[in-house]
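J.: Below you'll find the structure I mean.
Each value in this text was obtained by applying a stated rule to the coordinates, not by laboratory testing. Note that the coordinates shown come from a computational prediction; the quantities given were computed from them, not determined experimentally. In this analysis, Cβ positions are derived from the backbone assuming ideal geometry, glycine residues included, and neighbour counts consider all displayed protein chains.
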Amino acid sequence: MKHNQHPLISPAIGTQRAIDSFHFGKPETGKKIYIQASLHADELPGMLAAWKLKKQLVMLEEQGHVNGEIILVPVANPIGQNQHLMDIPLGRYQLETGQNFNRGYYDTFEQVASQVEDQLTEDVEANKKRIRLALRQAIQSWPVKTELQSQQKALQTLCCDADIILDLHCDFEAVQHVYSTYYSWQGIAPLAQYLGSRANMLADETGGQPFDSAFDMVWQRLQARFGELVPTACQAATLELCGQADVYHEKSDQDANALINYLRHLGVITDRTADPLPDYKAPATDLTAVEPLKSPIAGVLVHCAKPGDMVEAQQLIAEIINPITDDVEQIRATQAGVLFSRSLRRTATAGMLVAHVAGEHPIRSGYLLAP
């Protein structure tokens, strides 16, 4: 294992943070896999699973069972790790700017397309190398000016030429679920099966420039412009490893073992064959079919359905009770589906997101991500 540190821009006198990356295997000897955790710094199930994964990878590498390159970043957001207000961790948004740590990643598409359009040949493997070099050069050319931008640049530099990019998150209270793209889904679906993911939401355009689609969508757009000259070369996903409170050894062991089995499935870990894929087929639906249920008033939030429940159209999901006016507002799903996440909070504000239900029929468009 090789441990690298990537210093960030110092935001104030006397301060300095860095991204720590752990490298296994050898570059350019097989597939490159990139895994990071806790980009939203208060989402810790992925961080614990990444630590468990690191322990396994150390042993597997010592035994000569890493075929390719694996980069692991268990703490992807040191800026957010240092954000606390009156003993409450605040890791989703940067306090200085209000920016979501999982938005606004650098879009390299136009730079890369312009650089490679006169270089592509019928040799798609050579084209893959040209495009990956162009991707790296585009990221390196990004003139970052803030600590947050330098953190984004460090993460994108580490994964810009990866075959698989996995971003480990969690929701508030939730079952396992996955966000990915139609472009990437074929390669990601086996991992969703190993994880036992209950809901898998796909979209090639979500808005917001999140981390997980910063590169697979560049490849998809290059294919759309240049056709068969561009191979499928990068597949990515966000893994939502249940809820914020699901930080347990048994749970993290299961997640780490699912990742190891997926790496065996890809041929990157060679100690033995991967476990057979579970009979359970992870369903996939369009992200536009996910219904965000919001509170129309302020009050006490009373949940009436649990994460993982299969709900019917018009089923009661939650009630908001105002103890002063006696108003009781019922929140109901408009279509059948799986309730895959709900709020940890029990005090609702007007317009607050209460739960998500993944259905089958598109019900929204435009910007598809949570705030």
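J.: Taking a label point 7 Å from the Cα of Asn4 along the Cα→Cβ vector, which residues of segment 54-75 have an amide N closer than 17 Å to it?
T.: Zone members listed by number: 68-75.
J.: Let me ask something else. Taking only the C-alpha atoms, wrap a convex hull around segment 147-260 and report its volume per residue in Å³ as a whole number.
T.: On the way: hull volume 14.3 nm³, N = 114.
Dividing the Cα hull volume of segment 147-260 by its residue count gives 126 Å³.
J.: Hey, another quick one. Whose amide H sits under 5 Å from the amide H of Lys31, counting only residues 5 or more places off or on another chain, with H placed in the peptide plane?
T.: Correct list: Glu69.
J.: Related question: Setting aside same-chain residues fewer than 8 positions from Lys306, which lysines have a Cα under 28 Å from its Cα?
T.: Filter leaves Lys251, Lys281, Lys294.
J.: Separate question: Please report, in Å, the Rg and the Dmax of the chain, where both are computed over Cα atoms only.
T.: Spelled out, the Cα radius of gyration and Dmax of the chain are 21.1, 71 Å.
J.: Let me see the pair-distance distribution of segment 1-106: every alpha carbon pair, 10 Å bin width, integer percents in order.
T.: The distribution over segment 1-106 is 14, 39, 30, 14, 3, given as percents.
J.: Mind checking which of Asp20, Asp123, Asp246 has the largest fluctuation in a GNM of the chain, springs on alpha carbons under 10 Å?
T.: Asp123
J.: Mind checking which of Phe22, Phe211, Phe340 has the largest fluctuation in a GNM of the chain, springs on alpha carbons under 10 Å?
T.: Among Phe22, Phe211, Phe340, the largest mean-square fluctuation in the Gaussian network model of the chain belongs to Phe22.
J.: Something else now. Give a residue-ordered list of calculated ³J(HN,Hα) values for segment 257-274 (Karplus: 6.51 cos²θ - 1.76 cosθ + 1.60, θ = phi - 60°; whole Hz; x for Gly, Pro).
T.: Each residue's phi maps through the Karplus curve to give 5, 5, 5, 4, 4, 5, 5, 5, 4, 7, x, 8, 9, 10, 5, 6, 6, 5 Hz.
J.: Related question: Using only Cα atoms, locate the centre of segment 113-163 and the centre of segment 305-349, then give the distance between them in Å, rounded to an integer.
T.: If we compute the Cα centre of each part, the gap is 44 Å.
J.: Provide the three semi-axes, in whole Å and in decreasing order, of the ellipsoid equivalent to segment 242-371 as defined by the square roots of 5 times the Cα gyration tensor eigenvalues.
T.: Taking √(5λ) for each eigenvalue gives 36, 18, 13 Å, largest first.
J.: Report, to one decimal in Å, the Kirkwood hydrodynamic radius for segment 131-171 based on all distinct Cα pairs.
T.: Result for segment 131-171, one decimal place: 11.3 Å.
J.: If you don't mind, another one. Can you list residues from other chains, or at least 5 along the same chain, whose modelled amide H is less than 5 Å from the amide H of Ala336?
T.: Excluding prolines and chain starts, which carry no amide H, the hits are Ala313.
J.: In angstroms, what radius of gyration and Dmax does segment 209-249 have, counting Cα atoms only?
T.: 15.5, 47
J.: Moving on to the next point. Quick one: what are the phi-derived ³J(HN,Hα) couplings along segment 191-198, Karplus 6.51/-1.76/1.60 with θ = phi - 60°, whole Hz, x for glycine and proline?
T.: Couplings: 5, 4, 5, 4, 6, x, 5, 8 Hz.
J.: Project the alpha carbons of segment 56-153 onto their principal axes and report the range along each, largest first, in whole Å.
T.: Result for segment 56-153: principal-axis Cα extents of 60, 42, 16 Å.
J.: For Thr325, put the label point 7 Å out on the Cα→Cβ axis and report which residues of segment 284-302 keep their amide N under 12 Å from it.
T.: 296-299
J.: Please give the contour-minus-distance gain from Tyr182 to Leu344: 0.36 nm per residue of separation, less the Cα-Cα distance, rounded to one decimal in nm.
T.: 55.3 nm
J.: Moving to a separate point now. Please compute the length gained on full extension between Ala224 and Gln63, using 0.36 nm multiplied by the number of residues separating them and subtracting their Cα-Cα distance.
T.: Taking Ala224 through Gln63 to full extension adds about 53.8 nm, to one decimal.
J.: Report the antiparallel proportion of the DSSP beta bridges in segment 1-112 as a percent, rounded to a multiple of 5.
T.: Close to 70 percent.
J.: Moving to a separate point now. Percentage of Cα-Cα pair distances in segment 203-294 greater than 15 Å, rounded to whole percent?
T.: Values: 3166 of 4186 pairs.
Counting every Cα pair in segment 203-294, those more than 15 Å apart make up 76 percent.
J.: Please work out the FRET efficiency for the pair Ala18 and Ala274, using the Cβ-Cβ distance as r and a Förster radius of 30 Å; give the result to the nearest 0.05.
T.: Efficiency for this residue pair is about 0.30.
J.: While we're on this one: What list of ³J(HN,Hα) values in whole Hz, one per residue of segment 54-67 in order, does the Karplus curve 6.51 cos²θ - 1.76 cosθ + 1.60 (θ = phi - 60°) give from phi, with Gly and Pro shown as x?
T.: These are the phi-based 3J(HN,Hα) values: 4, 4, 5, 5, 4, 5, 5, 5, 4, 8, x, 10, 10, 10 Hz.
J.: Let me ask something else about it. Taking all pairs of different Cα atoms in segment 130-205, averaging 1/r and flipping that mean, what Kirkwood radius in angstroms comes out?
T.: On the way: mean 1/r = 0.0683 Å⁻¹.
About 14.6 Å, per the Kirkwood formula over Cα pairs.
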